[in-house]
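**Q** Before anything else, here's the structure in question.
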Amino acid sequence: MRAFTELYMRLDATTKRTEKLTALESYFRSVAAEDAAWALYLFSGRRLIRAISRRRLRSWAAEAASLPGWLIDECYDNVGDLSETLSLIVPSDSEGCDASLSQVIAERIKPLPQLDEGEQRKLVMQTWRDFNAPQRFLFHKLISGSFRVGAAEKTVCQALANVAGIDAAVMAHRLMGKWEPTAADFERLCDQASAANDPSQPYPFYLASPLEAELESLGDIADWQVEWKWDGIRAQMIKRDGEVFLWSRGEEMINEQFPELVAAAKRLPDGTVLDGEVLAWEDGRPLPFHMLQRRLNRKRVEMMLFQDVPVVFMAYDVMEVEGADLRAYPQDKRRARLMQLTSEFDANLMTVSEPIDCESWGDVASCKQQAARNGTEGVMIKRRDSAYEVGRKKGNWWKFKRDPYTIDAVMTAAQRGHGKRATLYTDYTFGVWHGDELVTIAKAYSGLTGDEIREVDRFVRRHSTDRKGPVRLVKPELVFELAFEGIQPSERHKAGVALRFPRMARWRKDKPAKEADTLESVQALLAQVEARQ
Amino acid sequence: MADLIEQRDKGLYCAVGDFWIDPWEPVEHAVITHAHSDHAKAGHRRYLTMADGVELLRLRLGSDITVRGAAYGEGIDINGVQVSLHPAGHMLGSAQVRVEHKGQVAGVSGDYKVRPDPTCPTFEPVPCNLFISEATFALPIYRWADSSEVFAEINAWWRGNQAVGKTSVLFTYALGKAQRVLAEIDNSIGPIFAHGALMRYEAAYTAAGVRQPPLTYCEASAVRAQNGAALVMAPPSALGTPWMRKLGKVSTAFASGWMTVRGRRRQRGVDRGFILSDHADWNGLIEAITATGAEKVLLTHGYSAALARWLREMKGIDAATLVTRYGDEDDDADGSPERAAS
Ligand SMILES: [Zn+2]
Ligand SMILES: [Zn+2]
């Protein structure tokens, strides 16, 4: 438990990926395989079953510390995390427990669900006496099913791949398969011998950079290919050894969410890798992104949803043909190969993102203005003679996005943030006017500077009118310009609309609350956007 | 009967003696508990403070102030009211103020801690009828370990950094905490450098007889020349500034009671948080307050409402919150120990 706690704290203390990698690698290298297996299990977002309710834990802690319930709530409000609060209030002088992670899980966590309440209480109280505060904190997280770690699954995967000496994509593929937190499975995951020819392995994506300079600075338009910037999920379609692998940019395999695309891609010749976008698609036009999200959120797609939200793989590049890496070829040549490969497909399942005819930069600019009407995010500008690069290398692929939509809304409530922001009020609710009332329109938590956040935090504390659980209602006084990427009808929201990716673009200190937008003006915007799609 | 000390617009006021304690606006006669900025304001006509604190007050407020220094326990008559200063254990020159008139005794704690500190005499409870106490860390999540344990951690962190060639940069409040750390840290580990904000108080500490290790003004090139062997002491305001980048490879740490909470530790963006405070923890506050035997308790700073309710419900003491301008929850909401620790 010491090594695991130290690892957790190291991951928690840094935001730098390289430091997280170092911490994870040295942990995986130094602990026994069964401990590493359990850590990996927990870090992969797999949970132990929730053995004890938070309420029960809280009342035992109150009893152990001889403190009234209200005082524990007061502490919780200050700390922002119940597991941590309880770890700090239970009295104990222990310098910590030396048992390993797998021992702790076997002896103190796994047995809990089978015990009756009295035995559970005994085991928990004993653990409080044996553990120090950071260990108690992790113990609470583990038994209440709320353990989360400050490292992305991708980083954990990378660290393990480094330790095992195999490629990260191969490791990701293996982690997606079946394995249990045992020493044997851990050693199998790290086996180097079988790693060589994993057919699922994707290429790193080439990422476009936002174009901030003038279009004209790109030179002659004849050197560039212009496409729509599709608003879907960037994905790589791989067909090798008779199998299809569909990877999202987040290095997640999404075969299960899009079985019809996987079935269609079976027709691709072996040794083919395509780059493209998965889109919700009907009658040759994209459907709004929220439709696609409904598919993405399900692991197993029911028949209904299948028909309700048809999807397409919109290919725009090819990296591999007949097993040969084509990435060094110029864009034009790759494009020709792509056309050959996809010509025989049902265009409702697999199609190619056609270049737009643009004779001048002026044409490109007006395309960008039309983007919302096409249901796209803007345009992509790709240099015709460029290779397929790795990562966000600037210069050859540019994205030129349409302007976001904006409204001015009034802050009506605030809540504390998470993690690093847990002691500050950083998550806000916004309303627009409907008569004399403010109707909630969106929640947002990004876009402000640290200084602005602290200023809003002080405002919230001083002008709180009421409290509902963790939410503080505030005097409706502050106005913010919210920017968002889309707007859609919603029955779940009181206002009848939902905004996509709302964030605070500007604090409108110049605007009195009374002059913020109205629900009517927001509904008019929705009608406008819907009419275009 | 009116209390001997009451809350007025400019601060805590003793009407019979016509003097103020730690007032936040200019007054005629101010008794100052200690030199931290939320307690010691400029602009008063006359100051009274503990003798060891006189020089610190001058450094902060100017050498031209009119200030009288008193020894701990020395009786002073102010307009017929008996006033004396008693150890608060918070920092050099920090005092509780005892005020007596016609058999009634009031105590004003200023900031205090009950555990020993090598830079000043240990806190002594002052029996009184009315006790005005600070409550900065008045929640049961705040319970300090022995300072020997904390310093063992700090020393180990410094040695560990040396082993990998990283300079150790320790952020502490510049006045009080920094000198306590210097007095308790194992200075045989390596050379110690200090940011200018800390250097200015060294002479006053040494003159008051506080043991301080040799300290060098922190010049980046000199620090780098130590190849990671050095400890650099700096105020929190230096965190994340260009000054820090010049030091080369560093490991950063913050020493404050606020480091108890993970969220605040993460907010600071340092590699390590050491839980080291010059305020009383939850148990210390209760111990100190009950030791006075006061029948009425008024609380300032921090989580005063929680402690007041606890004292009423669990101890039957008449306790309430005083709204002052000392670092309260709103001001240190960003966990800023610069303000909160003062
Ligand atoms: Zn103070
Ligand atoms: Zn202070």
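**Q** Here is a check on your reading of the model: is A:ASP130 loosely packed, with under 14 Cβ neighbours inside 10 Å, outside the structural domain of A:ALA422 (by TED's automatic domain parsing), of a type in the set (Asp, Glu) and farther than 25 Å from A:THR423 by Cβ?
**A** no
**Q** Could you count how many residues in the stretch B:252-293 are away from chain A (no Cβ under 13 Å), of a type in the set (A, V, I, L, M) and over 19 Å from the mean Cα position of the chain (by Cα)?
**A** Qualifying residue count, the stretch B:252-293: 1.
**Q** Quick one: B:SER63 ticks every box in (1) away from ligand 1 (no atom under 16 Å from the Cβ); (2) at pLDDT 95 or above; (3) within 18 Å of B:ALA207 (Cα to Cα) except a single one, so which number is it?
**A** Only one criterion is unmet by B:SER63, namely (2).
**Q** Could you list, in sequence order, all residues of the stretch A:10-34 that are within 14 Å of another protein chain (Cβ to nearest Cβ), surrounded by 14 or more Cβ atoms within 10 Å (Cβ to Cβ) and assigned to a helix (DSSP H, G or I)?
**A** Matches in the stretch A:10-34: A:ARG10, A:LEU11, A:ASP12, A:ALA13, A:GLU19, A:LYS20, A:THR22, A:ALA23, A:SER26.
**Q** Scan (1) within 14 Å of ligand 1 (Cβ to nearest atom); (2) in contact with a His (Cβ under 6 Å, 6 or more places away or on another chain) for the single condition B:VAL81 breaks and write down its number.
**A** (1)
**Q** For B:GLU313, state whether it is within 14 Å of another protein chain (Cβ to nearest Cβ) and in a helix (DSSP H, G or I). Reasoning before the result, please.
**A** Details: within 14 Å of another protein chain (Cβ to nearest Cβ): yes; in a helix (DSSP H, G or I): yes.
In short, yes.
**Q** Looking at (1) in a helix (DSSP H, G or I); (2) among the charged types (D, E, K, R); (3) touching a residue at least 60 places away in the same chain (Cβ under 8 Å), which is the only condition B:ARG265 fails?
**A** For B:ARG265, the exception is condition (3).
**Q** Next question, about the same structure. Filter the stretch B:299-316 down to residues that are open to solvent by 20 Å² or more (accessible area, probe 1.4 Å) and of a type in the set (A, V, I, L, M, F, W, C) and give me whichever is nearest to ligand 2 (Cβ to nearest atom).
**A** Among those that are open to solvent by 20 Å² or more (accessible area, probe 1.4 Å) and of a type in the set (A, V, I, L, M, F, W, C), it is B:ALA305.
**Q** Continuing with this model, one more query. Looking at the stretch B:25-39, I want the residues that are at pLDDT 95 or above and of a type in the set (Phe, Trp, Tyr) and have a partner that is assigned to a strand (DSSP E or B) and surrounded by fewer than 20 Cβ atoms within 10 Å (Cβ to Cβ) with Cβ atoms under 6 Å, at least 6 apart or on another chain. Which pairs are those?
**A** none
**Q** Does the stretch B:190-204 include one or more residues that are of a type in the set (A, V, I, L, M) and either open to solvent by 40 Å² or more (accessible area, probe 1.4 Å) or within 15 Å of ligand 2 (Cβ to nearest atom) (or both)?
**A** Checked the stretch B:190-204: at least one residue is of a type in the set (A, V, I, L, M) and either open to solvent by 40 Å² or more (accessible area, probe 1.4 Å) or within 15 Å of ligand 2 (Cβ to nearest atom) (or both).
**Q** Against the condition among the hydrophobic types (A, V, I, L, M, F, W, C) and open to solvent by 20 Å² or more (accessible area, probe 1.4 Å), how does B:ALA42 come out, does it pass? Outline the logic, then answer.
**A** Details: among the hydrophobic types (A, V, I, L, M, F, W, C): yes; open to solvent by 20 Å² or more (accessible area, probe 1.4 Å): yes.
Against the criterion (among the hydrophobic types (A, V, I, L, M, F, W, C) and open to solvent by 20 Å² or more (accessible area, probe 1.4 Å)), B:ALA42 qualifies.
**Q** Also, I was wondering about something else. Quick check: anything in the stretch A:480-487 crowded, with 16+ Cβ neighbours inside 10 Å, in contact with a Ser or Thr (Cβ under 8 Å, 6 or more places away or on another chain) and of a type in the set (Asp, Glu)? Even if it seems obvious, please write down each step before you answer.
**A** The initial filter retains those residues of the stretch A:480-487 that are crowded, with 16+ Cβ neighbours inside 10 Å, namely A:480-487.
Restricting the remaining residues to those that are in contact with a Ser or Thr (Cβ under 8 Å, 6 or more places away or on another chain) gives A:481-484.
Filter once more, so that each one left must be of a type in the set (Asp, Glu): A:481.
Yes.
**Q** For the stretch A:84-104, give me each residue that is in contact with a Phe, Trp or Tyr (Cβ under 6 Å, 6 or more places away or on another chain) and either buried (at least 21 other Cβ atoms within 10 Å of the Cβ) or in contact (Cβ under 8 Å) with a residue 60 or more places away in the chain (or both).
**A** A:GLU84, A:THR85, A:SER87, A:VAL90, A:CYS97, A:LEU101, A:SER102
**Q** Test of understanding: among B:GLU100, B:GLU153, B:GLU124, which residue is charged (D, E, K, R) and not assigned by TED's automatic domain parsing to the domain that holds B:ASP318?
**A** So the residue among B:GLU100, B:GLU153, B:GLU124 that is charged (D, E, K, R) and not assigned by TED's automatic domain parsing to the domain that holds B:ASP318 is B:GLU153.
**Q** Restricting attention to the stretch B:126-143, and to residues there that are more than 10 Å from chain A (Cβ to nearest Cβ) and within 16 Å of ligand 2 (Cβ to nearest atom), which single residue is farthest from the chain's Cα centre (by Cα)? Outline the logic, then answer.
**A** Taking the stretch B:126-143 first, the residues more than 10 Å from chain A (Cβ to nearest Cβ) are B:126-137.
Narrowing further to those that are within 16 Å of ligand 2 (Cβ to nearest atom): B:132-137.
On the way: B:ILE132: 16, B:SER133: 14, B:GLU134: 11, B:ALA135: 12, B:THR136: 10, B:PHE137: 12 Å.
Of everything passing the filter in the stretch B:126-143, B:ILE132 is farthest from the chain's Cα centre (by Cα).
**Q** Another question, then. Residues of the stretch A:442-467 being at pLDDT 90 or above, of a type in the set (D, E, K, R) and assigned to a strand (DSSP E or B), which ones?
**A** The answer is A:LYS443, and nothing else.
**Q** Still on this structure, I have one more. Of everything in the stretch B:106-125, what is away from ligand 2 (no atom under 15 Å from the Cβ) and either within 14 Å of chain A (Cβ to nearest Cβ) or open to solvent by less than 10 Å² (accessible area, probe 1.4 Å) (or both)? Give them in sequence order.
**A** The answer is B:ALA106, B:GLY107.
**Q** Please give the helices (runs of 4 or more DSSP H) falling wholly within the stretch A:47-160 in which 2 or more residues are farther than 20 Å from A:MET1 by Cα and either within 14 Å of chain B (Cβ to nearest Cβ) or touching a Gly at 6+ places or on another chain (Cβ under 9 Å) (or both). Write out each step before concluding.
**A** Numbers: elements: A:54-65, A:69-79, A:82-89, A:101-104, A:117-130, A:133-143.
So the answer is A:54-65, A:69-79, A:82-89.
**Q** Among the residues of the stretch A:468-486, which ones are at pLDDT below 85 and within 14 Å of another protein chain (Cβ to nearest Cβ)?
**A** Within the stretch A:468-486, just A:PRO470 meets the criteria.
**Q** Could you please find all residues in the stretch A:341-388 being among the hydrophobic types (A, V, I, L, M, F, W, C), in a helix (DSSP H, G or I) and at pLDDT 85 or above?
**A** A:LEU341, A:TRP361, A:VAL364, A:ALA365, A:CYS367
**Q** Within the stretch B:167-186, can one find any residue that is part of a loop (DSSP other than H, G, I, E, B), assigned by TED's automatic domain parsing to the domain that holds B:THR290, open to solvent by less than 10 Å² (accessible area, probe 1.4 Å) and farther than 18 Å from B:ALA291 by Cα?
**A** Taking every residue of the stretch B:167-186 in turn, none turns out to be part of a loop (DSSP other than H, G, I, E, B), assigned by TED's automatic domain parsing to the domain that holds B:THR290, open to solvent by less than 10 Å² (accessible area, probe 1.4 Å) and farther than 18 Å from B:ALA291 by Cα.
The values are calculated or read from the model by the stated rules, or taken from the named source; none is laboratory data. Predicted model, so just to flag it, every value in this text is computed and none were measured. Methodologically, a virtual Cβ is constructed for each residue, glycine included, from the backbone with ideal geometry; neighbour enumeration extends over all protein chains shown. For the accessible areas, the whole protein counts, side chains as well, though only heavy atoms, and no ligand, DNA or RNA atoms are used. Shrake-Rupley method; radii C 1.70, N 1.55, O 1.52, S 1.80 Å.
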